[in-house]
Every structure is written in C-alpha cells, then in structure tokens.
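The values are calculated or read from the model by the stated rules, or taken from the named source; none is laboratory data. Here the structure is a predicted model, which is why all the values come from computation and not from measurement. Here the Cβ is made from the backbone with ideal geometry for all residues, glycine too, and neighbour counts use every protein chain on show. With ligands, DNA and RNA removed, areas are computed over all heavy atoms of the protein, side chains included. Shrake-Rupley method; radii C 1.70, N 1.55, O 1.52, S 1.80 Å.
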Amino acid sequence: MRKNIVAGNWKMNKDHSEGARLTEEILGGLKERDVSCEVILFPAFTTLPSVIDAVKGSDLSVGAQNLYSEGEGAFTGEISAGMLKNLGCKYVLIGHSERRHIFGEDSAFLSKKLRIALDNGILPLFCVGELLEQREAGKAGEVVEKQLRDVLNGLDGDEMSSVTIAYEPVWAIGTGKTATASDAANMHLLIRGVIENIFGSKISQRIVIVYGGSVNPANAAELLSAPDIDGALVGGAALIADSFLEIIYASGR
Ligand code: PEP
C-alpha cells in the first residue's frame, strides 16, 4: 500500500524564526496523535536552516520550494541542488503553477530541474495542473498528460520511482475553490494511467499522487478518502499549525 504524503508549501511566508515556531507547533500536534502519513514542510530558502534544525530527531521531512537547473557557476541569485542536499533537504517542488505561470518555467526547463534534483539525491515533488479555461474547454486531461509526458519521458523506471506527483488545478490554488473529490480522483486515475503507459503498472502503482488546491480542514477528509488520492499539497492552510494538523489527521494512511 502506498503511504500518504501531506505537504505544506509555505510559499513566500514565514521568516526563519516564524518558521521554527510553526514547526515546533506542528511537532507538538504530531506527538498527540498516531500519524502514519509522511509530513513534509516546504519553507522559503532562508527559513530552511531553522526548520531543518527544528525537525532533527523527528519524522518530519523538509523540502525546498525551488532549485536551479545547473550544478554551480555564474547564476546570480540561484540555489543549487547540491546546496539543498548538503543543508538537509529531502524533497524539492518542481513545476508548481506559480513557477510555471508567474516565472514562465516551461517543460524543457522543468526537465533539467528534475534531472539535477535526481542526480543529487533529492526527491522531486512534480506538480501538474490545468488552467480554468483549459478545464472549461474540456482539455484538462490532455494538458496534464502533456505536462507529464514532456518531463517524465526522460526518466528511467528507477528515477521515476523517486518522483511524487502533485495534481494541482491552477484555478483551485489559493482561490478557495477546490476540485470535487470525484473530479480530482478522475484526474489522479488519468495520471496513474499515463505513468503506467510509460513505466509499466508495477511502478505506476507505487507512485504517490497528492492533490493540491485550497485543501483545508473542512474538505480534507472527503478529498483524502477518494480513490487514488494519496495525500495533499497544502498552501494557505499549512501556515496555521492547527489547520495543517487537522489535514494531517484527516489523512488515513
Ligand atoms: C499550493 O501552493 O500548492 C496550494 C495548493 O495552495 P493553496 O492550498 O493555498 O491553494
């Protein structure tokens, strides 16, 4: 059985001391309940060291929200996979819709990022999702399939086994709108089918596919109990310990 993942993407929120405090609060809540899913925190770069320090000795995992596609060199302002690995990052977000749509990151660039993450032993959480107009035009499946194939086609089966997928419909991120559990589950099924088509069913059954897009304590239980939804990537609701903990508690496995 696949384990669930519940991840908090803090985006450009929480400085190093606020991040350490939030982490302590989350750790406090996790001690009170038996939690079987993996919990990952994605703080901003400057908050990473204090969060990594705070999670030492616990089961909490930490990831970076971004990385650069090259190993080192004259890339002012960028952060490399090696730097993140040496700091203690286990995961990295790649392909988040804010990177795709605000910063114009395309599949060719995302493929390079995925490659350098894997080459440095960092586990990618690769995000895909359609725009509202694409969904309304009946093209959601086609868009998501292309986003997957463009980037995952370059991997071998072992590499794919290190990747987690997040389905995040762009229209649901930070908007308070969520996909219905059945729409999300259908897309997760499609995603698993694409992975099966490229890598075979053994690998596709192992891949964790989480849902993201305005997940909150009120809708988490329904979304997380849907077939093929293996957890959640949470933005806004991950900034408050109690609401993030409620979502974690709602994750059955
Ligand atoms: C996200 O940033 O990945 C996200 C899903 O945000 P929110 O939960 O705020 O919609």
Checklist entry - Do you know which of the residues in the range 33-60 that are in contact with a Leu (Cβ under 8 Å, 6 or more places away or on another chain) and in a helix (DSSP H, G or I) is surrounded by the fewest Cβ atoms within 10 Å (Cβ to Cβ)? => result P49
Next on the checklist: Being within 14 Å of the ligand (Cβ to nearest atom) and of a type in the set (A, V, I, L, M) is true for just one of A108, A179, A185. Which residue is that?
Outcome noted: A179
Checklist entry - Looking at N9, is it under 19 Å from the mean Cα position of the chain (by Cα) and crowded, with 23+ Cβ neighbours inside 10 Å? => result yes
Checklist entry - For the range 21-32, how many residues are aliphatic (A, V, I, L, M), open to solvent by less than 30 Å² (accessible area, probe 1.4 Å) and under 16 Å from G57 (Cα atoms)? => result 2
Item to check | Subset of the range 213-226 (residues that are more than 13 Å from the ligand (Cβ to nearest atom) and either under 11 Å from I247 (Cβ atoms) or in a helix (DSSP H, G or I) (or both)) | outcome: A221, E222, L224
Next on the checklist: So for the range 193-212 (the condition being open to solvent by less than 60 Å² (accessible area, probe 1.4 Å), over 22 Å from S97 (Cβ atoms), away from the ligand (no atom under 16 Å from the Cβ) and within 18 Å of the chain's Cα centre (by Cα)), does at least one residue qualify?
Outcome noted: yes
Next on the checklist: So R99 ticks every box in (1) of a type outside the set (A, V, I, L, M, F, W, C); (2) buried (at least 17 other Cβ atoms within 10 Å of the Cβ); (3) in contact (Cβ under 8 Å) with a residue 40 or more places away in the chain but one. Which box is left unticked?
Outcome noted: (3)
Next on the checklist: Looking only at residues that are charged (D, E, K, R) and more than 16 Å from the ligand (Cβ to nearest atom) in the range 78-105, which one is farthest from the chain's Cα centre (by Cα)?
Outcome noted: E78
Next on the checklist: Tell me yes or no: at least one residue of the range 217-236 is surrounded by fewer than 24 Cβ atoms within 10 Å (Cβ to Cβ) and in contact with an Asp or Glu (Cβ under 6 Å, 6 or more places away or on another chain).
Outcome noted: yes
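When you go through I248, I229 one by one, which is the residue that is in a loop (DSSP other than H, G, I, E, B) and either touching a helix residue (DSSP H, G or I) at 6+ places or on another chain (Cβ under 6 Å) or farther than 18 Å from Q65 by Cα (or both)?
Answer to the selection: I229.
Report, by residue number, each residue of the range 142-166 that is free of Cβ contacts under 8 Å to residues at least 40 places away in the same chain and charged (D, E, K, R).
At the first step, the residues of the range 142-166 found to be free of Cβ contacts under 8 Å to residues at least 40 places away in the same chain are 142-143, 146, 156, 158.
The answer is E142, K146, D156, D158.
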Checklist entry - Just wondering, is there one or more residues in the range 166-176 that are more than 16 Å from the ligand (Cβ to nearest atom), among the charged types (D, E, K, R) and closer than 23 Å to L123 by Cβ? => result no
Next on the checklist: Based on this model, can you work out whether L152 counts as farther than 21 Å from V6 by Cα, open to solvent by less than 70 Å² (accessible area, probe 1.4 Å), hydrophobic (A, V, I, L, M, F, W, C) and at pLDDT 95 or above?
Outcome noted: yes
Checklist entry - Of everything in the range 205-230 that's in contact (Cβ under 8 Å) with a residue 60 or more places away in the chain and touching a Leu at 6+ places or on another chain (Cβ under 7 Å), which residue is farthest from A44 (Cα to Cα)? => result V210
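Of the residues that make up the range 7-16, is at least one at pLDDT 95 or above, over 24 Å from E168 (Cα atoms) and in a helix (DSSP H, G or I)?
From the range 7-16, those at pLDDT 95 or above are 7-16; that's our starting set.
From what is left, the residues that are over 24 Å from E168 (Cα atoms) are 15-16.
Next cut, in a helix (DSSP H, G or I) only: 16.
There is at least one residue in the range 7-16 that is at pLDDT 95 or above, over 24 Å from E168 (Cα atoms) and in a helix (DSSP H, G or I).
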